[in-house]
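See below for the structure under consideration.
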Amino acid sequence: MRNIAFIINPISGTQNKRRIPKIIDNKLDKRVWMADIVYTEYKGHAEELARHYADLGFSAVVAVGGDGTVNEVASGIRDTQTALGVVPIGSGNGFARHLGTPLRVANAIETINNATPMQCDYGMANDRPFFVTCGSGFDATISEQFQRAGSRGFRTYLEEIVKLLFTYKPEHYRVVVDGVDLDGTAFLLTVANCNQWGNAAVIAPKASIQDGLLDVVICSPFPLIQAPSLAIKLFTKTIDQGMNVTSLQTREVTLIRDYAAPFHLDGDPVQMGEEIHLRIVEDGLWVLVPKRY
């Protein structure tokens, strides 16, 4: 029997969290796992709790929340022998979707019973870790607007996207990668470890959490009339075939902006300076991977 902790974010997503402990009790195989269940109380608490369980030698810590919760829990256990598990209850769930983790709580818990620990990569943006995607530009501004919104969920996210499409002004960047200096204006710039932002919007179709590479996706400014076509490509895993999109893979890249501006890490907005150095950390995180992955 191995020790496992479930860290539940009570404000993640839109569904009720009160029944989750009972579902864990019903679905978790007690012949395999002995569970602790805790709720977070403030931002950053999940990272503190996860680090505590890793120090105690727990075999796994499960993030019960969205990609922001995944970021906190994974930050607390990265570079240890404790594995990350995911029960997705967030708004986008990009990490869980990349792995093929079921989106229903009961099914996600059942997959943990037979999951395989696997070493995976994560990224660093200056001194901040990320595990799904990070970026600057339109998606970072959307993350900032979404955090300020009074409600959660995909509908709110979509409403913020539609509103901002009419007012957002692309920014100037320099991107230094593999000795090449790219200079220009971009609608958005995403650096991906996983293949999607969430909600099945696949921004980096070739991304893998085991290839030792970051996927850099640069979307140039485009006429508003092309927005529906780009959206279709996002949801059909063909965005890298778009005329306005440049994709490349690298172990590290430096992003230079004209001024400090919003930046997002796994969907959570942060303020970062003009220069951001991004690099991959290979095999730095153990993950409980569903068998079908």
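The values are calculated or read from the model by the stated rules, or taken from the named source; none is laboratory data. All values derive from a computational prediction rather than experimental measurement. Note that each Cβ is placed from the backbone with ideal geometry, even for glycine, and that neighbours are counted across all protein chains shown. Note: areas computed on protein heavy atoms with side chains; ligands, DNA, RNA excluded. Shrake-Rupley method; radii C 1.70, N 1.55, O 1.52, S 1.80 Å.
What the table below lists for this structure:
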item: Boolean, Glu275 is surrounded by fewer than 16 Cβ atoms within 10 Å (Cβ to Cβ) and more than 20 Å from Gly137 (Cβ to Cβ); result: no
item: Unique residue being in contact with a strand residue (DSSP E or B) (Cβ under 8 Å, 6 or more places away or on another chain), touching a residue at least 60 places away in the same chain (Cβ under 8 Å) and either part of a loop (DSSP other than H, G, I, E, B) or surrounded by 14 or more Cβ atoms within 10 Å (Cβ to Cβ) (or both) when the list is Gly57, Gly68; result: Gly68
item: Among residues of the range 258-293, those that are farther than 28 Å from Met118 by Cβ, of a type outside the set (A, V, I, L, M) and not in a loop (DSSP other than H, G, I, E, B), counted; result: 5
item: Only listed residue being of a type in the set (Gly, Ala, Ser), within 19 Å of Trp197 (Cα to Cα) and in contact (Cβ under 8 Å) with a residue 24 or more places away in the chain, chosen from Ala231, Ala261, Ala227; result: Ala227
item: Condition check for Tyr168: of a type in the set (Ser, Thr, Tyr) and surrounded by fewer than 17 Cβ atoms within 10 Å (Cβ to Cβ); result: yes
item: Wholly enclosed strands (runs of 3 or more DSSP E) of the range 79-150 bearing at least 1 residues more than 30 Å from Lys169 (Cα to Cα) and open to solvent by 20 Å² or more (accessible area, probe 1.4 Å); result: 116-125
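For (1) modelled with pLDDT of 95 or more; (2) closer than 26 Å to Asp268 by Cα, each residue gets a yes or a no:
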residue	(1), (2)
Ser12	no, yes
Lys17	no, yes
Ile24	yes, no
Lys27	yes, no
Ala35	yes, no
Glu41	yes, yes
Ala46	yes, yes
Leu49	yes, yes
Tyr53	yes, yes
